[in-house]
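The values are calculated or read from the model by the stated rules, or taken from the named source; none is laboratory data. The structure displayed is predicted, hence computed values, not measured ones. FYI the Cβ positions are ideal-geometry reconstructions off the backbone, even for glycines, and counts take in every protein chain you see.
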Protein chains: 2
Amino acid sequence: METSRQNESQPSKETLEVGKKLVELCKRGDNMKAIDWLYAENIESQEAAAMPGMPAQMRGIEAIRKKNKEWIEQMEVHSMDVAGPFPHGDRFAVHYKMDVSEKQSGKRYQMEEVALYTVANGKIVKEEFFYMM
Amino acid sequence: METSRQNESQPSKETLEVGKKLVELCKRGDNMKAIDWLYAENIESQEAAAMPGMPAQMRGIEAIRKKNKEWIEQMEVHSMDVAGPFPHGDRFAVHYKMDVSEKQSGKRYQMEEVALYTVANGKIVKEEFFYMM
């Protein structure tokens, strides 16, 4: 028990491997492949806030696929910076900075957020998004 | 109970206020003031990994003051970018990117990390650092 508690915050090789793959795929715009390869079936997804038509908390890989597909359909990405992964035990963080436009309105703005991913058994079991409203 | 669970991931005004002040002070290099103003007495500090002379887990504001003072004494900061705060409920994340030199060896390198802060009763009660070794 003592040894595992001491190692709680040691970087995990598995976490680093999953994190590197996620960042690599996101940099290429391959977000849907990242979900297919790296997300657990019962993944938990938590936004910083609820928004119209999208609850803050969602569970299950199909719901997350749908959320991502809708985002890709609605938004045009002019540029995206992805920094990371930044690991800590069984979690890793990623910093995203994007220049986007809403396809429908043409409204253009910068988005910046930190995502915190929790890894178990080689898959991402939780994603939490941190951003200003 | 239900209402508080629904609000779990809603951004908290207090968290945002503490986060904005921390980022403001860090951008000015006023890290010691950030500790004085914003850290709880029994703050928990978790590094991504233990290092020689510095355990991964530390507790208590004096220990954290000492850790920070030693870092300021040993390192020269050429430039620092601070992005954030990025809030989520009672936590907020900050992304740091620094160009530093070790005063003793002259060795110069870039450091990049994400810090995750937990807020309770208007103070930071936990800080967790995420970085690649």
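Observations on the model:
- Within the stretch B:117-133, being at the interface with chain A (Cβ under 7 Å from one of its Cβ atoms), more than 18 Å from B:Asp81 (Cα to Cα) and part of a strand (DSSP E or B) holds for one residue alone: B:Glu128.
- Residue count for the stretch B:38-55, restricted to those that are without any contact (Cβ under 8 Å) to a residue 40 or more places away in the chain and either away from every other protein chain (no Cβ under 14 Å) or in contact with a strand residue (DSSP E or B) (Cβ under 6 Å, 6 or more places away or on another chain) (or both): 3
- Output for the stretch A:65-113, where each listed residue is in contact with a Ser or Thr (Cβ under 9 Å, 6 or more places away or on another chain), more than 14 Å from chain B (Cβ to nearest Cβ) and in contact (Cβ under 8 Å) with a residue 40 or more places away in the chain: A:Val77
- Residue among B:Glu70, B:Glu112 that is more than 20 Å from B:Lys123 (Cα to Cα), under 13 Å from the mean Cα position of the chain (by Cα) and of a type in the set (D, E, K, R): B:Glu112
- Check on B:Ala93, under 20 Å from B:Gln57 (Cα atoms) and either out of contact with any His (no Cβ under 7 Å at 6 or more places or on another chain) or modelled with pLDDT of 95 or more (or both): yes
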